[in-house]
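Here, each number is a calculation from the coordinates, and none is a lab measurement. Since the structure is predicted, the reported quantities are computational estimates derived from the model, not experimental observations. Glycine gets a Cβ as well: all are built from the backbone with ideal geometry, and neighbour counts include every protein chain shown.
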Amino acid sequence: MILTQEAISSPNNISLSTRETEVLFNMAKGMRNSEIADYLNVSQNTIRVHRRNLYCKLNVKKTAGAIMKGFQLGYLKI
């Protein structure tokens, strides 16, 4: 399975920033906060803030929900 990311606004008016989309994409690849932080060259706290914002924007409480919503809204594709 190959994941691709799309930095676009979804038809449901949920707009994610490019960085939020990158974080969501890496979450879907199974990366931990520390791995995402190293990969994007930012602090782990920055990743936690992006995740919190993602959960709020996507109206979910967990990683699995965010990934599922990412696919449903077209931010993530197989």
Requiring at least 3 residues that are under 16 Å from Leu16 (Cβ atoms) and without any contact (Cβ under 8 Å) to a residue 40 or more places away in the chain, the helices (runs of 4 or more DSSP H) wholly within the range 26-78 are 44-58, 63-73
Within the range 36-71, how many residues turn out to be of a type in the set (Phe, Trp, Tyr) and crowded, with 16+ Cβ neighbours inside 10 Å?
1
